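The values are calculated or read from the model by the stated rules, or taken from the named source; none is laboratory data. All values derive from a computational prediction rather than experimental measurement. Note that each Cβ is placed from the backbone with ideal geometry, even for glycine, and that neighbours are counted across all protein chains shown. Heavy atoms of the whole protein, side chains included, go into the accessibility calculation; ligands, DNA and RNA do not. Shrake-Rupley method; radii C 1.70, N 1.55, O 1.52, S 1.80 Å.
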Amino acid sequence: MTQARESRESRESREQIKSYAQLSPFELKNVFIRLAEEKQAGEPGQKDKSTVQMLNAGRGNPNWVASGPREAFHALGYFAVEESRRVWTADNLGGMPEKAGAKERFDAFVRRHPGLPGIELLESCVRLGLDRFGFDADSFVHELADAVTGDNYPVPDRVLPHTEEVVRGYLAQEMYGGTLPESPLRLFTTEGGTAAMCYIFDSLLKNGVLQRGDRIALMVPVFTPYIEIPRLDTYGFDIVQVKASAFAESGVRQWRYPEEEVAKLADPSVKMVCLVNPSNPPSLALSGRVAEQIRSLVAQDNPELIVVTDDVYGTFVEGFRSLAAAIPRNTLLVYSYSKHYGATGWRLGVIALQDDNVIDARIAALPAEEKERLTRRYGTLTLDPAGMRFVDRLVADSRQVALNHTSGLSTPQQAMMVLFSLFGLLDEGRAYKEKVRSLVRERYGLLLEGAHMKVAEDPLRAAYYVELDLMAEAERVHGAAFARYLRENYEPVDPLFRLAEQTGVVLLNGGGFDGPAWSVRVSLANLDDLDYLKIGHHLRSVLQEYVEEWHAAGGK
């Protein structure tokens, strides 16, 4: 037994490691961080600090930001303050920006401040908004100025009018392949994709579209909240897993869904399916074959299936097209600006649902007593509760209905969302998109170079994360006897403990995402490029350590 192995066992026994594995990956990560920090600090009494660098590739917060739209946002802020002082100036007291003449005053502001950071991009964004969407100039500029000032409640509460048009145009480009569905697409801006998830699960249940204990499907591996929320007592859903279990070749996972797995969705008892597309952690967009299979089975076998697709990583795949474009009537689209624009702290998300949808149809078909209950629930908001769209019920439910009048995403957040969207529609935004795509792909290559692991090639790889199946790799390289030795002597998360304790590397366990127990998730977004080469080397060293222990135990 190696010295490193003895040191590790003295800290964490196999039983302790097994108990830790019950935690959510994002909570287990904190254990790994503690161990990595201890390694970085060195042994107690040691004079010199350890030279080990903690490399935390556990969480997917990107280490880049889209600086241009942020400069434009601050330039907009200066214009808005000038608009406020124009109305009313008394020391630090200003007034609300006015709509009449807003565009003319904006043009004058741009001419007076040619050197203001962000002013050129702000002007380009405003011009694009007017040219592409045909907005009334004063109304659009006023909405931006008033929004960034934050002096009003969001009105309408679901989304500001011009914001909805701009974000819809951005989604058309990035999520719908350039063409929106024929039925009007309604948006609800939310506090990131996180809030969108919570609101959707909550409102589907409160509106009787889903019942506690209903059968739903998860396309796994998947972001852990989609696993954990349905298991809560509130929902108690019966979960069917659609597993990405296909192999490209012996020992090399393809992370694709076999036809027989997708066929599980044909069962009408499956009321809803949730997926992340491109997937998290494998980071692959759905293939055209799977998208077509889902479209076909919905049309023929399960026409009332609700699809919740979380497409936050779609911008990292060339030619990405959401399931919302293939089956718009069945699909709730969730998108967040957090990853593409380096904006996790901004909390910018959106839910999209077309007017002609299965959710509203299912609400309309509810029994009379259920309809009466919902009439009482929403009766204070409208004289026609039965005609209230589900997307508007989402808004009301997000504030317990009684606070519907104060619901909605804050207006400064919506202003930032507009500028991100308009930037994304400009040539500058398209160039930025290519840069961040190449950034994660470079890191992906460096990781694999260091790890010497074989991964299936896939043109639909987003490469924001990568999920590596250590057991499949162990069996591919060293054979079935070595793989059996690992299963019999170690817990699946044991390699992650070794990485943290011995090298300061923090990764997440793929089993926590309902992936293979011996898989690990590496975020390719949040560290410097060469750090991924180091992580690959460390991962390879830990795997070699198991091989040496196997040989020492008589394995061949």
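Among ILE227, ILE239, the order of accessible area from largest down is ILE239, ILE227, computed with a 1.4 Å probe on protein heavy atoms. In a shell of Cβ-Cβ distance under 11 Å around GLU123, excluding GLU123 itself, what net charge do Lys and Arg (+1) and Asp and Glu (-1) give? Here the count lands on 0. Shown for region 88-171: the carbon plus sulfur share of the solvent-accessible area, taken with all protein chains present and a 1.4 angstrom probe, equals 52%. Computed with a 1.4 Å probe over protein heavy atoms only, the accessible area of HIS74 comes to about 110 Å².
Simple rule: put +1 on each Lys or Arg Cβ and -1 on each Asp or Glu Cβ in region 336-487, find the dipole, and look at MET388, ALA451, VAL418; the Cα lying farthest toward the positive end is ALA451. Please compute, over every Cα-Cα pair in region 271-365, the percentage with a separation greater than 15 angstrom. Tail of P(r) above 15 Å: 62 percent of Cα pairs. Maximal additional length on extending the LEU403-ALA552 stretch stands at 47.0 nm, based on 0.36 nm per residue less the C-alpha distance. One equal scatterer on each Cα of region 202-321, no solvent, Debye formula: the resulting log10 I(q)/I(0) at q = 0.10, 0.14, 0.17, 0.21 Å⁻¹ is -0.31, -0.60, -0.88, -1.27.
Among the listed pairs LYS243/LYS454; LYS454/LYS534; LYS339/LYS435; LYS29/LYS339; LYS433/LYS454, a Cα-Cα separation exceeding 24 Å is found for LYS433/LYS454. Surface listing: TRP88, TRP550 arranged by accessible area from highest to lowest gives TRP88, TRP550, probe 1.4 Å.
Highest-first packing order for the peptide set 201-211, 339-349 is 339-349, 201-211, based on the mean count of other beta carbon atoms within 10 Å.
Projected onto their three principal axes, the Cα atoms of the chain cover extents of 84, 61, 40 Å, largest first. If you take the Cα centroid of region 484-556 and the Cα centroid of region 129-160, the two points sit 50 Å apart. For the chain, the Cβ-based charge dipole about the Cα centre amounts to some 400 debye (Lys, Arg positive; Asp, Glu negative; other atoms uncharged). So, with a 1.4 angstrom probe, what is the percent of accessible area on region 234-305 that is carbon and sulfur? Accessible surface attributable to carbon and sulfur in region 234-305 totals 46 percent. With the whole protein complex present, THR194 retains an accessible surface near 80 Å², based on a 1.4 Å probe.
Run the helix sum for the chain: -39,500 (n - 2.57) per DSSP H stretch of 4+ residues, divided by residue count, reported at 222 nm to the nearest 500 deg cm²/dmol. Computed ellipticity for the chain at 222 nm equals -15000 deg cm²/dmol.
Pairwise Cα distances in region 81-236 exceed 20 Å for 65 percent of all pairs. If the chain linking ARG127 and GLN241 were pulled fully straight, counting 0.36 nm for each residue of separation and taking away their Cα-Cα distance, it would gain 36.3 nm.
Counting only protein heavy atoms and a 1.4 Å probe, the chain has 41 square angstrom of accessible area per residue. When the solvent-accessible area of region 447-523 is split by element, carbon and sulfur atoms take up 48 percent of it, the probe being 1.4 Å. Residues ASP531, ASP136, ASP427, ordered by accessible area of protein heavy atoms at a 1.4 angstrom probe radius and largest first, appear as ASP427, ASP136, ASP531.
Residue ranges 520-526, 62-68 sort as 520-526, 62-68 when ordered by packing (mean number of other C-beta atoms within 10 Å per residue, highest first).
The value for region 167-225 of Rg(Cα) / (2.2 N^0.38 Å) is 1.40. By the compact-protein rule of thumb, 2.2 N^0.38 Å, the alpha-carbon radius of gyration of region 322-480 corresponds to a ratio of 1.50.
Rounded to the nearest 20 debye, the dipole magnitude of region 83-224 is 260 debye, with +1 charges on Lys and Arg beta carbons, -1 on Asp and Glu beta carbons, and the Cα centre as origin. Among the GluC sites (Glu not before Pro) in region 448-547, those placed in a DSSP loop whose Cβ has at most 16 other Cβ atoms within 10 Å are GLU457. By a 1.4 Å probe calculation restricted to protein chains, ARG540 has an accessible surface near 100 Å², given to the nearest 10. Counted residue by residue at 0.36 nm each, then reduced by the alpha carbon distance between them, the extension gain from SER19 to LYS371 reaches 122.1 nm.
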